[in-house]
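Take a look at the structure below.
The values are calculated or read from the model by the stated rules, or taken from the named source; none is laboratory data. What you see is a predicted model, and the numbers here were worked out from it, not measured in a lab. Note: ideal-geometry Cβ built from the backbone for every residue, glycine included; neighbour counts use all protein chains shown. Just so you know, the surface numbers come from the protein's heavy atoms only, side chains and all, with ligands and any DNA or RNA stripped out. Shrake-Rupley method; radii C 1.70, N 1.55, O 1.52, S 1.80 Å.
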Amino acid sequence: MPTPLIDPIFDGLARALDVHNRRHDVLATNLANVETPGFRAQEVDFRSALARAFEQTEEAARPADLVEDTSAPARADGNTVDLDLQMAKLAENAGRYTALTRILGKRIGLVRLAIDGGR
Amino acid sequence: MDLLNPTFAIAASALRAERMRLDVIASNLANASTTRTEAGGPYRRRHVIFETESMGSDFADTIAALGGTADTQRGVEVTAVVDDPTPPRMVFDPGHPDANPEGYVAYPNVNPVLEMVDLMAATRAYEANVQVVNATKRMAESALSISG
């Protein structure tokens, strides 16, 4: 992977945003199927995907792996989606995503400041 | 429609399915005492069958498979609306025009309490998916405002 021209953190942050986006998709899928009999809740392998996002390797671009979400027991209809838990995860994930966009924005601002020479 | 964000399509499929479920519940409650139908006999309670639905187009599926992200975008759809097979509620009312020779009237197998519980569950599921839409919107907005 070539060395980024301006700031290596840009790539990492962008990939971290990707990981959050994918997790948002997975959580939305869980919530869409909250009443589907037999549906098994899913989750992304968040920790390893985030750690990988900031590595300067080809491996970093690989999308996050999916795992089964076993944090809630199955209901009588075999469904394992816990509404409250998934909503909490969704809110947390969206908040982290927004935080990352702010950080990325600030870093771009810093680079711009350097380009402008502080004027 | 899922050009910008497939999550909208997932949440929309759930909103559609839950709304349909609400329609069926409303129909069950409205007909809780209906003794005559086009098919003959009392109204029969109906319920919806939910199934997961694969979202993307062929193109999106192919791209997803290449990227190893296959099978994440799954919405939900109502695949059938089926009759509840439980027998009708028999009420002794000899004066009723639809009473059988023994004086019993066949009323729909609708249990209003059950329907109300179902109604609440459907409403909550609907609200949850509205929150998903809102969260998706906020995320898209914050991504669009990255500029420093």
Original post:
Looking at segment B:1-51, which of the residues that are under 24 Å from B:T123 (Cβ atoms) and among the acidic types (D, E) is nearest to the chain's Cα centre (by Cα)?
Top reply: B:E18
**OP:** Read through the list (1) more than 7 Å from every other protein chain (Cβ to nearest Cβ); (2) over 22 Å from A:V44 (Cα atoms); (3) assigned to a helix (DSSP H, G or I), then give the number of the only condition that A:G109 fails.
**Re:** (1)
Original post:
Restricting attention to segment B:82-89, does a residue exist that is at the interface with chain A (Cβ under 10 Å from one of its Cβ atoms) and within 16 Å of B:N28 (Cβ to Cβ)?
Top reply: no
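With touching a Ser or Thr at 6+ places or on another chain (Cβ under 7 Å), at pLDDT below 95 and closer than 30 Å to A:A61 by Cα as the only criterion, which of B:T52, B:T69, B:T62 stands out?
Values: B:T69 fails: touching a Ser or Thr at 6+ places or on another chain (Cβ under 7 Å); B:T62 fails: touching a Ser or Thr at 6+ places or on another chain (Cβ under 7 Å).
Result: B:T52 is the single residue among B:T52, B:T69, B:T62 that is touching a Ser or Thr at 6+ places or on another chain (Cβ under 7 Å), at pLDDT below 95 and closer than 30 Å to A:A61 by Cα.
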Original post:
If you scan segment B:94-118, which residues turn out to be acidic (D, E) and surrounded by 14 or more Cβ atoms within 10 Å (Cβ to Cβ)?
Top reply: B:E115, B:D118
Original post:
From the residues in segment A:35-49 that are open to solvent by 40 Å² or more (accessible area, probe 1.4 Å) and under 16 Å from the mean Cα position of the chain (by Cα), which one is nearest to the other protein chains (Cβ to nearest Cβ)?
Top reply: A:D45
**OP:** Looking only at segment A:61-71, decide whether some residue is assigned to a loop (DSSP other than H, G, I, E, B), more than 19 Å from the chain's Cα centre (by Cα) and crowded, with 18+ Cβ neighbours inside 10 Å.
**Re:** no
Original post:
So is B:A12 touching a helix residue (DSSP H, G or I) at 6+ places or on another chain (Cβ under 9 Å), part of a helix (DSSP H, G or I) and either on the phi < 0 side of the Ramachandran plot or surrounded by 15 or more Cβ atoms within 10 Å (Cβ to Cβ) (or both) or not?
Top reply: yes
Subject >> Test for B:R44: is it among the charged types (D, E, K, R) and over 30 Å from A:G78 (Cα atoms) >> reply: no
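Does A:A32 count as closer than 25 Å to B:H47 by Cα, within 19 Å of the chain's Cα centre (by Cα) and without any contact (Cβ under 8 Å) to a residue 12 or more places away in the chain?
yes
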**OP:** Tell me which of these A:N79 doesn't satisfy, since it passes every other one: (1) open to solvent by less than 70 Å² (accessible area, probe 1.4 Å); (2) among the polar types (S, T, N, Q); (3) more than 10 Å from chain B (Cβ to nearest Cβ); (4) not in a helix (DSSP H, G or I).
**Re:** (3)
Original post:
Looking only at residues in segment B:20-41 that are open to solvent by 50 Å² or more (accessible area, probe 1.4 Å), of a type in the set (A, V, I, L, M, F, W, C) and part of a helix (DSSP H, G or I), which one is nearest to B:P87 (Cα to Cα)?
Top reply: B:L29
**OP:** Can you tell me which residue within segment A:92-105, out of those that are without any contact (Cβ under 8 Å) to a residue 60 or more places away in the chain and at the interface with chain B (Cβ under 7 Å from one of its Cβ atoms), is least open to solvent (accessible area, probe 1.4 Å)?
**Re:** A:G105
